[in-house]
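Visitor: One structure is given below, represented as structure tokens, and several questions about it will come after.
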Amino acid sequence: MSNITIIEITLGIFFFGNIIALIYSCLVLYTDVFKKFRLQDKPYKPDVFFQRLPLILLNLAGVSAVTFVSLYYLSDFLFETSFPSWWLIPFQVSFIFIIDDAWFYFAHRLLHENKFLLRKIHYIHHQAITPFPWEYIYVHPLEWMIGSFGTVLGLLALVMIMPINVYAFFVYGAIRNLHEVEIHSDLCSPISKYIPFLNPTENHDLHHSKVKGNYASMFNVWDKIFGTVLTKD
Ligand SMILES: [Zn+2]
Ligand SMILES: [Zn+2]
């Protein structure tokens, strides 16, 4: 598999995730399809989608450009492209997520506890008190760069142990993107309680409504270990 094919598939997965985010956002904002599953009863401002759109599109262009350049130069070093044995994908995906999510927890917590960073960078994402799905990428451009560094750390840690299977990378990318969309949906998540250690939408939604606590994205363990769990009462 050539570098260009890896880039095309990776950006295709990212594009597909954002089409889902767009459709999901329109359904949440402009229809009653999901109304009974909403976590907060605050109404959305009528023009919120179009207020958010320019920065969302700028960030999508930025993420795509950085992904293109990084994969163009690093794919040969990072990936092996054979068809994997059945256990390799769950193992490698979990490994990358554990490193990535630990980074996300501490970086996100720092963005709150350092008031300069909160005021200058992270406040943009927290304009979404009642988030809608596409607001996962409504962030200061520096914030998605800080977040993406977790992916880089996860990939570098894994490649020091074994070659990274490119299919594991694609699966990781798809899950990471869709999970980010889902935790910004403001809708209760019926399946998360059946998946051990998965952080449900409820936790990140509460983080948006209170602007503190529940700093992790993928796993619910970091906030428990470091005492930053936020509960509704
Ligand atoms: Zn958020
Ligand atoms: Zn935050």
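Visitor: What is the one condition in (1) of a type outside the set (D, E, K, R); (2) away from ligand 1 (no atom under 16 Å from the Cβ); (3) assigned to a helix (DSSP H, G or I) that residue 177 does not satisfy?
Guide: For residue 177, the exception is condition (2).
Visitor: Looking at this structure, is residue 212 within 16 Å of ligand 2 (Cβ to nearest atom), more than 30 Å from residue 4 (Cα to Cα) and over 14 Å from the mean Cα position of the chain (by Cα)?
Guide: When the stated conditions are applied, residue 212 passes them.
Visitor: Now for a separate question. Tell me, which residue of the stretch 85-102 that is buried (at least 21 other Cβ atoms within 10 Å of the Cβ) and of a type in the set (A, V, I, L, M, F, W, C) is farthest from residue 166 (Cα to Cα)?
Guide: 97
Visitor: Condition first: without any contact (Cβ under 8 Å) to a residue 24 or more places away in the chain, part of a loop (DSSP other than H, G, I, E, B) and surrounded by fewer than 22 Cβ atoms within 10 Å (Cβ to Cβ). Now tell me which residues in the stretch 206-228 satisfy that.
Guide: 213, 220, 227
Visitor: Across the stretch 171-183, what is the total count of residues that are over 9 Å from the mean Cα position of the chain (by Cα) and either buried (at least 22 other Cβ atoms within 10 Å of the Cβ) or aromatic (Phe, Trp, Tyr) (or both)?
Guide: Of the residues in the stretch 171-183, 1 are over 9 Å from the mean Cα position of the chain (by Cα) and either buried (at least 22 other Cβ atoms within 10 Å of the Cβ) or aromatic (Phe, Trp, Tyr) (or both).
Visitor: Would a scan of the stretch 176-185 turn up a residue that is more than 30 Å from residue 35 (Cβ to Cβ) and either without any contact (Cβ under 8 Å) to a residue 60 or more places away in the chain or among the hydroxyl-bearing types (Ser, Thr, Tyr) (or both)?
Guide: The answer is no, given that none of the residues of the stretch 176-185 is more than 30 Å from residue 35 (Cβ to Cβ) and either without any contact (Cβ under 8 Å) to a residue 60 or more places away in the chain or among the hydroxyl-bearing types (Ser, Thr, Tyr) (or both).
Visitor: I need the full set of residues from the stretch 183-205 which are more than 11 Å from ligand 1 (Cβ to nearest atom), part of a helix (DSSP H, G or I) and not hydroxyl-bearing (Ser, Thr, Tyr), in order please.
Guide: Passing the criteria: 193, 202.
Visitor: So, one more: Failed condition for residue 50, given (1) closer than 25 Å to residue 174 by Cα; (2) more than 17 Å from the chain's Cα centre (by Cα); (3) of a type outside the set (Asp, Glu), with all others met?
Guide: Unmet condition: (1).
Visitor: Please note which helices (runs of 4 or more DSSP H) are completely contained in the stretch 43-162 and include at least 2 residues that are away from ligand 1 (no atom under 15 Å from the Cβ) and among the aromatic types (Phe, Trp, Tyr).
Guide: Counting at least 2 such residues, we get 48-78, 88-113.
Any read-out appearing in this document is the output of simple, stated calculations on the displayed coordinates, not a laboratory observation. None of these values were measured; they are calculated from a predicted model. FYI the Cβ positions are ideal-geometry reconstructions off the backbone, even for glycines, and counts take in every protein chain you see.
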